[in-house]
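Asker: To start, I am sharing the structure in question, which I have written as structure tokens.
The values are calculated or read from the model by the stated rules, or taken from the named source; none is laboratory data. What you are looking at is a predicted structure, and each value in this text was computed from that prediction instead of being measured. All Cβ positions, even for glycine, are placed from backbone atoms using ideal geometry, and neighbour counts span all protein chains on display. When the accessible area is computed, the model is the full protein with side chains, heavy atoms only, and any ligands, DNA or RNA have been set aside. Shrake-Rupley method; radii C 1.70, N 1.55, O 1.52, S 1.80 Å.
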Amino acid sequence: MEDDAPVIYGLEFQARSLCAQEAEGDSIHFLVGTQSLRAENQVHFIDFDDENNIINKTIFLHQEGEIWNISSSVSDVSLFSTCFSKTTETESELKAAVWQIPDNRDPPSPVGDDGSSSHPHLILKCYLEPEVRSDVKSVLWQPSGDNHTVIGLCEDKIVFWDLNTASSAPKVVSSINVEGKGQHKMTSGRWNPHHNCNQIATANDTSVRGWDLRTMSQVYTIESAHGQLVRDLDFNPNKQYYLVTCGDDCRVKFWDTRKVTEPLKVLSEHSHWVWSVRYNTFHDQLVLTSSSDSRVILNSVVSLSSEPYGHLVEKDDGDDDSLHESSQESPKMVSWSLTRSMKTVSMLSAGQVLTLGHLLPSAMMDDW
Amino acid sequence: NGTGDERRHRRDLKLYYGMDNGETEATSHIVPQSSDPCNLDGANFQSQLYLSKLIQERSLTELMDEEQKMVRDIKGLDSDMQTLVYENYNKFISATDTIRKMKNDFRKMEDEMDHLASNMSAITDFSTSISSTLQDRRQQITKLAGVHSLLKKLQFLFELPARLNKCIEMEAYVQAVRYYTKAQRVLHQYEHMPSFQGIHTDCEIMIKHLRGRLMDRFRQKESTAKQLTECVDLLLQLGEPAESLCDEFLSHARHKLDEDLGELQRQMKLYSGELSPSEEQRPSQAYMNPGMDVLEFVDSGCNGFLSNMCLVIASYNDMFMNRPQADESLDTVALRKLVVFVNDLMEQYFSSVRQRVQLEKETGDNTILVRALDRFHRRLQAMNKLLPDTDFSRAGTEIVSKGAKDRVVHYLKSLKQHFADCLTDIRQSLAAPRIAGKQDHGTRLADLLANMQSSVVEQFKSVLGNLQAFIAPDITFAMKPYFRGPFCSQDVREGLVVAFVKHVCTVCNDFCEVPGDKTTSPPALLLILSRFCIDLENAAISYLLSLAEEQFMVEDRTSVTAATDLFAMAKDTGQRLLNHYVRVQGLTISQMLRKSVETRDWLNTIEPRNVRAVMKRVVEDITAIDMQVGQLYEEGVRRERSSDSSRRTHALSTSQQNRRPQWNYAPSIDNSLMSNIQKLFSEKIEIFSAVEFSKVSVLTGIVKISLKTFLECVRLRTFGKYGLQQIQVDTHYLQLYLWRFVSDENLVQVLLDEIVCSAVHRCVDPVMMEPSVIDLICERG
């Protein structure tokens, strides 16, 4: 890595959704979905050449609408899902679909070579529709690689689809209704990679709930996990029971799901809503958070990590602290590359700019 | 001339008898006269010279007279000579007579002497014959006298057991011991003879008995010291080993002292309530007697235990030490025993006093405690004199210091408690009359703060006043530097003042740490506390420190916390509290805004006719916050821009006009490009900058956070035409009312512009409302 300068990639439209392509082996791939009310939306497939520090991109058209959420399949490189809103004059609803990246696509063209406006279309695999019409906030893929089941988080229920059916429309296998009073709309959720992938956790307003997929019932609740809305959560990829959440009360909290009364640790570096939080897959002491206080913070939480203390020589700060801060306008989404552990951080500056940093994320200004 | 004659005669006589000496001086004196050749009486008289001189010097008549006088002198001399010769002759005759008479007397005396010699020899003969006859008798008499005394001694021996018995019966132990010691050696010597052996054993039995009696008396509790001394004296004479006696005595004394200690322990337990008095007393008495207070306790300790201890030491000294006949080693052994004994007991005593002093937890006046400690200290010093090698005053001072330290800790605790009570009071009065109206509510914040400050300071003063009892001039230990130095600087200044300030800071900091989740503290409390911290920094800390330093004359300032550190700490805490206040208030308003944006269907809303109620509510709340903060913080610096509203509205309208063309652009790259370019040139807004200690700055912070939330929420929604217009109305309304709260109205402007801009971006059919209509709606609302 001769050049440590961050690589910046500009998007045409504002964007809110970003994910690392999970199924890919060696290369660093990200998917970005744009948000535009008026123009045709796009999905950017970004290939980052780590050694030459070059970004290759492929742009696909996403005709259905603004993309609010994007997630890629764990086992099949070509599959991913989006949650998008179709906006008409009078209504706007969130729908979900599974897409396939066309196989016979052109080799990714280098950034800048952006002359052709005719981008290829994505292949629509199927729509994911709940039985009762409801906004689908996000789609979760089974983390162990079982490609048949996906989960959709609707406003007040969790829906399971089986993709492995002959018919074009996937069948709703089952669904869980979120019971309770008042506002329980889900904001986001994660599939727990441990316990044979039998658990998911969802963020509902100020609380976090854990669900057992075998019994289809709630197994734990962290009531008032945050003072205000919980924005995002993530499981420690290497240490079961460990969970991190972030929310509008500007805090990032670490939890043990066996003991939900008290957080294990609270970080309060941010001064506005914390939009997203992600563990690094390999070095789980590294936690990346983004906030609308215009900062992305890379935290090193060695005390709650699966790695033994002091093991990481390269960045051994000894204790938990925030390693890097980076000033953004309003970063909405962060993601780690899933391949090279430490090497690459990708972050969506909640707008038209995607920044690829080598641990030191940075971005160009665009406020969205 | 008569005298001259006499002298001449005498000289002649002297010359005659060869008696020169003694008169040599006189003669030598006369020499100058006599050397004059013209002196008639001189030895060197020369008649020719004299004559010629006379003839030359004198007249005729004078010569005649001289001649006559000369003749007269000669005649006188002649008659003198005659008388002298006659006298001498007479004397000579009488001397001859005397010698003749003596010759006769001596012849008679010789005869008598012969007679005496013959008599003497006769007497000598007689005397030798008598003494030879008496020789035998005398030896017999001497022998008899010896036998007599021996018999007397034997009689004494035979009578000894009876005598001893009698003495013992009469309790004349001294006598008995004297008898025994007299006889002991003899008895010991003739032990082998059966009769003596009998006596000896009898005596032994008696003495054993006596010893037993003495021991009994020695062990008796009620024996007086004098009796004890006597006993020990006698027992020592009887050859009892001194060491065991020491032990015996000490264990005997220990018994008594243990009783005293036990009583002290009991009193302590009574006081602490561990032991209910009813166990030994009737309930009514028990009610009356809840254990002694500390002064009584120390008194009883001094009078009971310590006095007895002194007594024991004194009598022990009398008995076992400095005895004339005892040897050095006994002294050292005895002293060692005593020291061990005393140290052991004193240790127990100290521990019970220490425990008792620790029990003294009540607040309020501690003069009693101080007096008690003082008495204790003095008494110990007195004891030191008694037993030179040991130093109890150190242990005593430690107890006193510990007591003082405990008091300081206790007072610190009570101060903390008081502070916590103050906080609770404030919480309650904040919670109670919410309905009473916001106007009223605002004025009361300042009162609450003032109340808390004065009450804390008052409490502090009273505590310091109470603690001053420890260094009152009439207290002996207060004057000792080894007490006073650490007490004033370490205990009072550090342990009380500094620790209290630190505690306040910690408590306040705790309010900032992860609250808002479970136990929400009212924002007004945060505000009051932050002001309290600032006041601490500005005045109170230095006041309290100087108060303490003055009252306690703290001199050693080397090892103490610097005031500047405390200032920094207080300021830091105040800052954190204020930041937290801004955050809490900002989040409250944010929450309101967020809910209002999220719950509305912006696509299908009707044409705006009113400002939404939530906006009014936001303005109301911010006004209330403004009142709140205004009570405690100064206005602060506003950026000079435009204070008159006419200019402001003008600025607003122009800025809107400036923006207008931009909105008409097709929303695409150009749009965002434009806004980006615009942003590059406009001032960058620091939304989450640190808050200053002024009303304007606090309000600015809250407004910024609220508007930022509004912006973020708007970006998550999709708007219809009227939805966008409603946002326009709302933001204009906010613009109208919020500018006055913030330091830089441009900031509100920029944020609100951005909100509208975002709404335009998220709008499916962006058609703006006429500014005049907006104005109208806002004025009506």
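Asker: What shape does region B:58-180 have by the C-alpha gyration tensor, where a ≥ b ≥ c are the square roots of the eigenvalues, rounded means a/c under 1.5, and otherwise prolate means a/b greater than b/c and oblate the rest? Don't skip to the answer; put the middle values down first.
Answerer: Details: a/c = 15.04, a/b = 2.59, b/c = 5.80.
The shape class here is oblate.
Asker: By how many nm would the segment from B:GLU635 to B:LEU144 grow when fully extended, if each residue of separation counts as 0.36 nm and the alpha-carbon distance is taken off? Write down the numbers at each step before the final one.
Answerer: Values: separation 491, 0.36 × 491 = 176.76 nm, distance 13.26 nm.
Value of the extension gain: 163.5 nm.
Asker: Probe radius 1.4 Å, ligands and nucleic acids ignored: give me the carbon and sulfur share of the accessible area of region A:190-306 as a rounded percent. Could the numbers behind the result be given before it?
Answerer: Values: 1430 of 3300 Å².
Of all accessible area on region A:190-306, carbon and sulfur atoms account for 43 percent.
Asker: Next question. Compute the signed sum of charges (Lys and Arg +1, Asp and Glu -1) over the other residues within less than 13 Å, Cβ to Cβ, of B:ARG58. Walk me through the numbers before you get to the answer.
Answerer: Values: positive: B:LYS53, B:LYS69; negative: B:GLU57, B:GLU62, B:ASP65, B:GLU66, B:GLU67.
Result for the local shell: -3.
Asker: Separate question: What is the local net charge at B:SER352, summed over the other residues whose Cβ is closer than 11 Å to its Cβ (Lys, Arg +1; Asp, Glu -1)?
Answerer: Details: positive: B:ARG266, B:LYS269, B:ARG354, B:ARG356; negative: B:ASP260, B:GLU263, B:GLU347.
So the environment of B:SER352 carries a net charge of +1.
Asker: How much FRET efficiency would the formula 1/(1 + (r/R0)^6) give for B:GLU458 and B:ASP247, where r is the Cβ-Cβ distance and R0 is 51 Å, rounded to 0.05? Don't jump to the answer; show the numbers that get you there.
Answerer: Values: r = 60 Å, r/R0 = 1.18.
Calculated value: 0.25.
Asker: Right, here's the next one. For region A:53-107, with every protein chain kept in place, what is the accessible area per residue (1.4 Å probe, Å²)? Numbers along the way, then the final one.
Answerer: Values: 2020 Å² over 55 residues.
Ligands and nucleic acids excluded, the result is 37 Å² per residue.
Asker: Which parts of region A:250-275, residue by residue, lose 40 Å² or more of accessible area when the rest of the protein chains are there, as against the chain isolated (1.4 Å probe)?
Answerer: A:ARG251, A:SER271, A:HIS272, A:TRP273
Asker: Accessible area lost on pairing A with B, both sides, 1.4 Å probe, Å² to nearest 100? Mind dumping the intermediate values first?
Answerer: Numbers: alone 15480 and 44790 Å², together 56800 Å².
Looking at A and B, the buried total is near 3500 Å².
Asker: List residues of region B:39-64, by number, whose backbone nitrogen lies under 15 Å from a label position 7 Å along Cα→C-beta of B:ARG8.
Answerer: Counting only backbone N, you get B:39-47.
Asker: With labels modelled as points extended 7 Å from the Cα through the Cβ direction, what inter-label distance (nm, one decimal) is found for B:ARG254 paired with B:GLU550?
Answerer: The answer from the label model is 5.6 nm.
Asker: Starting from the 7 Å offset along Cα-to-Cβ, what nm value, one decimal, do you get for the label separation of B:GLN175 and B:MET627?
Answerer: 10.8
Asker: What is the extension gain from B:LEU154 to B:ALA95, computed as 0.36 nm multiplied by their sequence separation minus the C-alpha to C-alpha distance, in nm to one decimal?
Answerer: Roughly 13.0 nm would be gained on extension.
Asker: Still on this structure: Please state the shape class of region B:458-503: rounded when a/c is under 1.5, otherwise prolate if a/b exceeds b/c and oblate if not, all from the C-alpha gyration tensor. Spell out each step's value before the answer.
Answerer: Working: a/c = 4.86, a/b = 1.52, b/c = 3.20.
Since a/c reaches 1.5 but b/c is at least a/b, the shape of region B:458-503 is classed as oblate.
Asker: Same structure again: Listed here are the pairs B:LYS402/B:LYS480; A:LYS185/B:LYS704; B:LYS413/B:LYS480; A:LYS95/B:LYS708; B:LYS595/B:LYS704; which of them are more than 21 Å apart at the Cα?
Answerer: Working: B:LYS402/B:LYS480 15 Å; A:LYS185/B:LYS704 28 Å; B:LYS413/B:LYS480 27 Å; A:LYS95/B:LYS708 29 Å; B:LYS595/B:LYS704 18 Å.
With Cα atoms farther than 21 Å apart: A:LYS185/B:LYS704; B:LYS413/B:LYS480; A:LYS95/B:LYS708.
Asker: With +1 on the Cβ of every Lys and Arg and -1 on the Cβ of every Asp and Glu, and nothing else charged, how large is the dipole of region B:536-595 about its Cα centre, in debye rounded to the nearest 20?
Answerer: Values: 6 positive and 7 negative charges, 174 e Å.
Dipole of region B:536-595, to the nearest 20 debye: 840 debye.
Asker: Accessible area drop of at least 40 Å² (1.4 Å probe, protein heavy atoms): which residues of region A:209-228 qualify, relative to the chain alone?
Answerer: Checking the loss per residue gives A:GLN228.
Asker: Another question, then. Calculate the length of the line joining the C-alpha centroid of region B:118-177 to that of region B:184-235, in whole Å.
Answerer: 31
Asker: So, in nm, how far is label B:GLU779 from label B:THR564 when the simple model puts each one 7 Å beyond its Cα toward the Cβ?
Answerer: Result: 5.9 nm between the two label points.
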